[in-house]
């Protein structure tokens with residue numbers, strides 16, 4: 001098999017079909033994900049162990065190939081000509097190589113193009129604080145962050161640094177200067193890059209993902225010291241996000257992080273990509289805007305009350321996930337069944353229906 005030519009055909013298919021992901025594994029046809037559904041490409045033959053191993057050289061640099069074959073796992077980025085960029089993960093299963101590739105569009109879409117609420121743009125005006133975009137894997141968190149960074153880039157003259165593993169969207173400098181650092185290539189790890197940031201005259205920092213307490217500590221400290229920090233977390237809603245952050249610390253450290261979080265948090269945006277009746281996906285979302293009431297709840301260990309504050313905070317711009325889902329149902333964008341499937345509070349949704 002000519003692996004370079006085969007990979008080119010597969011990538012072209014993903015782009016042409018509007019796919020989001022490409023899966024390559026031994027014993028299966030190459031498979032793409034379109035609008036949430038996995039579709040095997042039956043015109044391409046079932047891949048063998050030799051085939052998937054052959055893609056290693058096409059997808060990975062020599063350095064990454066060596067690391068992958070030693071560690072059996074790798075995150076990487078892959079660019080295809082000037083047409084597409086992918087975030088990839090390589091892994092072994094049953095002794096054979098597998099790859100999962102997520103398409104990262106070249107064009108950074110606006111909030112309007114992403115069907116996201118206009119109020120999100122107000123967070124791009126922040127000079128200091130901590131803002132999180134949360135949700136399950138594959139539901140557009142990085143795309144939302146990219147839209148916000150591009151808003152800052154378009155409107156303000158700042159020094160922006162992104163710390164990612166791997167780098168996903170490539171930003172074109174407009175009014176800001178932007179440095180993009182990839183973990184294991186440009187820096188040892190997230191914590192090291194964040195520590196160095198304090199000596200790099202940075203205004204805005206985007207952290208690809210909050211993975212451990214050391215990274216969270218450095219991020220919150222940056223938010224305390226005059227930086228605007230944006231990041232993602234794999235959590236379902238605002239209350240769970242705050243609890244997850246605090247629980248990642250030892251018991252004797254939790255009081256301190258509660259205090260810091262209550263003082264630096266500006267907002268938490270949670271999103272889900274829901275199947276659209278007309279085809280494709282559309283976001284449903286929750287928005288917490290940190291105010292004095294939210295700060296008090298965080299300090300006083302009453303995060304279980306945050307959902308109520310969001311539900312009653314419509315006038316302040318807060319958005320409840322169930323109101324978002326119901327609005328999509330009423331606009332005939334999604335089905336009632338999918339609204340129940342994606343809600344985090346079915347009982348509340350039923351009352352509101």
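The values are calculated or read from the model by the stated rules, or taken from the named source; none is laboratory data. What you are looking at is a predicted structure, and each value in this text was computed from that prediction instead of being measured. Here Cβ is always computed from backbone atoms with ideal geometry, including for glycine, and neighbour counts include all displayed protein chains.
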**Request:** Determine which single condition residue 324 fails, assuming it passes every other condition in (1) within 22 Å of residue 131 (Cβ to Cβ); (2) in contact with a helix residue (DSSP H, G or I) (Cβ under 9 Å, 6 or more places away or on another chain); (3) surrounded by 12 or more Cβ atoms within 10 Å (Cβ to Cβ).
**Result:** (2)
**Fill in**
Matching residues in the stretch 15-51 (assigned to a helix (DSSP H, G or I), free of Cβ contacts under 8 Å to residues at least 40 places away in the same chain and under 25 Å from residue 79 (Cβ atoms)) number 1
**Request:** Return yes or no: is residue 264 in contact with a helix residue (DSSP H, G or I) (Cβ under 6 Å, 6 or more places away or on another chain) and either surrounded by 15 or more Cβ atoms within 10 Å (Cβ to Cβ) or closer than 21 Å to residue 232 by Cα (or both)?
**Result:** yes
**Request:** Looking only at the stretch 140-150, decide whether some residue is more than 21 Å from residue 216 (Cβ to Cβ), free of Cβ contacts under 8 Å to residues at least 40 places away in the same chain and over 11 Å from the mean Cα position of the chain (by Cα).
**Result:** yes
**Message:** Take the conditions outside the structural domain of residue 216 (by TED's automatic domain parsing) and either more than 15 Å from the chain's Cα centre (by Cα) or buried (at least 16 other Cβ atoms within 10 Å of the Cβ) (or both) and apply them to residue 110. Does it pass?
**Reply:** yes
**Asked** If only one of 296, 332, 307 is assigned to a helix (DSSP H, G or I), over 25 Å from the mean Cα position of the chain (by Cα) and either more than 27 Å from residue 145 (Cβ to Cβ) or touching a residue at least 40 places away in the same chain (Cβ under 8 Å) (or both), which one is it?
**Response** 296
**Message:** Would you confirm whether or not the stretch 268-278 contains a residue that is closer than 30 Å to residue 346 by Cα, in contact (Cβ under 8 Å) with a residue 12 or more places away in the chain, part of a loop (DSSP other than H, G, I, E, B) and in contact with a strand residue (DSSP E or B) (Cβ under 7 Å, 6 or more places away or on another chain)?
**Reply:** yes
**Among the candidates 182, 209, 173, residue that is assigned to a loop (DSSP other than H, G, I, E, B), in contact (Cβ under 8 Å) with a residue 12 or more places away in the chain and within 27 Å of residue 135 (Cβ to Cβ)** = 209
**Residues satisfying the stated conditions in the stretch 221-230, i.e. crowded, with 22+ Cβ neighbours inside 10 Å and either without any contact (Cβ under 8 Å) to a residue 12 or more places away in the chain or touching a helix residue (DSSP H, G or I) at 6+ places or on another chain (Cβ under 6 Å) (or both)** = 223, 229, 230
